[in-house]
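Working notes, beginning with the structure itself.
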Amino acid sequence: MRSIEHIYINGKFVVPHGEDRLDLINPATEERIGDVRLGNENDVRAAVAAAKRALPALAGSTKAERIDMLHSLRDAIAANPDELIQTMTEEYGAPSYFTAFSVQNTASVFDVMAETVAEYEFDRVVGKSAVRMLPRGVLAAITPWNSNFGFIATKLAHAIGSGSPLVIKPAEQSALQTEVLAKRLYQAGLPAGVLNIVNGTGPVVGAALTSDPDVATISFTGSTQAAKIIQRAAIDGMKRVILELGGKAPTIIMPDAELDKAIPVALMSGFANSGQACVAGTRILAPRSRMAEISERLKVEAEKLKVGAPRDAEVRIGPMASRAQWERIQMYIRLGIEEGATLLTGGTGRPAGLDRGWFARPTIFVDVHSNMRIAREEIFGPVLCLIAYDDEDEAVEIANNSEYGLQAYVLGADQKRAVQIAERLLVGRVVVNGAPHDPRAPFGGFKQSGIGREIGAFGLDGLLEPRAILTA
Ligand code: ADP
Ligand code: MG
């Protein structure tokens, strides 16, 4: 049982002004494992003031100084990944394949940004003017619970890379993870005020941050619904918003796909992070001529995926992160049945043998039409829709017929043809034939999936503005 009593402001761990507390629950056991004391508006004011004081020095730092800070952060994470992995397992419940990836990725985010800073042209000559890319000012970031370490690291890397001091409000349900990470980040020895972390809820701490007059830019990762509230709050302060939001990614299985390869990739794209991923491939589009074969293979392979406690190395799907998440999944499975879709596998309730913990049954619906809510809305759990198409044009049309445009997957034996399909999709990223994660690829979406991009030069561009000096 651990009580999180501190937030991190101006280089110190301090007790927040807020007095409300939130219980922290292990989702695999439903046991209370701790609680967190939440910050309030006064904590946000103090954190933003500290960030504002740190701005001149950080904005004036050299490339070499930023790269040094980024390397120190990487080293602080990479030195001892075990504690991070343990805490993520306990508080979030992700399977071990995902926690290992996540912690490794958390360190590598800083390395990738160090490379970006080395290459980025902060000083340019445009026309006859000397142009310098300057940080817009204090950066506020708000992050979700489905990859707490990775999102905090990404926001911090962009803050340092661009020279913008950061105030971050991580998801309140992830306070144990935030604390172990914060202690690591502290070891990197950043100047006071460059990083500030305030625990708290969205409507209190999140809202105070997004309306603070001294915040210049807001970088948000989370739901499209919360993003709209945040964007409205940003108007008066003329803040720029960078939003990485929901998705309903299509996985197009091409007519020539080799199913031995394609089916496992389609399933793990859909069920990645136990389905709690904005990039999850939740609409599997299959050629009608091969529908019987593909649905049979999906059913057989899905039923082989082990669901269970995250410490078991064989487990591919862990618990949902919270009771609220589990109930949301149940609601969508019931809705799919009411809408007239057919369960190929899965359904409501817990998987056999798991009577405690927020475990959902990996579910695939067939007889799904693109206008059903289960095919349009982000479910954020292990629930997939299998949709038939007649030809490639129709596959592209269904894939693009979504309010979202974050990610897509294409699977086909003829790689060139698969890339041609990828080029017709309006999404931020297309993964062809199970390509491995590329930590240097820009990330973000079109349409309701967001505004702006993170990672690399695209990520820095969003936090910088050019100043031109014209001389006679
Ligand atoms: P979920 O509902 O699944 O937790 P959210 O998008 O609501 O997803 O949460 C992502 C992050 O946004 C969390 O840190 C949450 O506290 C924060 N958040 C939620 N609502 C608001 C809001 N109105 N203003 C600012 N931040 C918010
Ligand atoms: Mg919410």
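The values are calculated or read from the model by the stated rules, or taken from the named source; none is laboratory data. Quick caveat: nothing in here was measured; it's all calculated off a predicted structure. Here the Cβ positions follow ideal geometry from the backbone for every residue, glycine too, while neighbour counts run over all protein chains shown. Accessible surface is based on the protein model in full, side chains and every heavy atom, while ligands, DNA and RNA are left aside. Shrake-Rupley method; radii C 1.70, N 1.55, O 1.52, S 1.80 Å.
Worth a mention:
- Each 5 Å bin from zero up to the one holding the largest Cα-Cα distance in segment 250-440 carries the following percent of pairs: 1, 8, 18, 22, 21, 16, 9, 4, 1, 0.
- Antiparallel DSSP beta bridges within the chain, percent to nearest 5: 40 percent
- The residues packed around residue 55, meaning those with a beta-carbon under 11 Å from its beta-carbon, carry a net charge of +2 if Lys and Arg are +1 and Asp and Glu are -1.
- Counting only protein chain heavy atoms and rolling a 1.4 Å probe, the accessible areas of 228, 299 rank, largest first, as 228, 299.
- Test item: Cα-centred dipole of segment 298-400, Lys/Arg +1 and Asp/Glu -1 on Cβ, debye: 960 debye
- Annotation: residue 440 carries an accessible surface of approximately 130 Å², with a 1.4 Å probe and no ligand, DNA or RNA atoms counted.
- Residue-normalised accessible area of segment 1-110, expressed per residue, 1.4 Å probe, Å²: 45 Å²
- 15 Å reach of a label modelled at residue 78, 7 Å along Cα-to-Cβ, counting backbone N of segment 99-132: 103-116
- Protein heavy-atom surface of segment 250-440, 1.4 angstrom probe: 49% of the accessible area is carbon and sulfur, with nucleic acids and ligands not counted.
- Dipole magnitude of segment 1-88 about its Cα centre (Cβ charges: Lys, Arg +1; Asp, Glu -1), debye to nearest 20: 560 debye
- If only the Cβ of Lys and Arg carry +1 and only the Cβ of Asp and Glu carry -1, the dipole of the chain around its Cα centre is close to 900 debye.
- By the Kirkwood approach, averaging reciprocal distances over each pair of separate Cα atoms, the chain gets a hydrodynamic radius of 22.9 Å.
- Dipole of segment 49-106, positive direction: furthest Cα of 62, 92, 105, with charges on the beta-carbon: 62
- Overall Cα dimensions of segment 368-454 - principal axes, largest extent first, Å: 35, 31, 22
- Ellipticity estimate at 222 nm from DSSP helix runs (n ≥ 4, -39,500 (n - 2.57)) divided over the chain, nearest 500: -12000 deg cm²/dmol
- Furthest towards positive pole of dipole, 185, 138, 151, structure part segment 121-203, Cβ charges: 138
- Extended-chain gain in nm, criterion 0.36 nm per residue less alpha-carbon gap, residue 121 and residue 311: 63.9 nm
- Tilt relative to the chain, helix 63-78 - C-alpha long axis, 0 to 90 degrees, to 10: 50 degrees
- Two-site FRET efficiency, residue 32 against residue 356, from Cβ-Cβ distance with R₀ of 22 Å, rounded to 0.05: 0.95
- Once the Cα-Cα distance is subtracted from the 0.36 nm per residue extended length, the residue 183 to residue 403 segment shows a gain of 75.3 nm.
- Here the convex hull built on the C-alpha positions of segment 339-418 has a volume of 136 cubic angstrom per residue.
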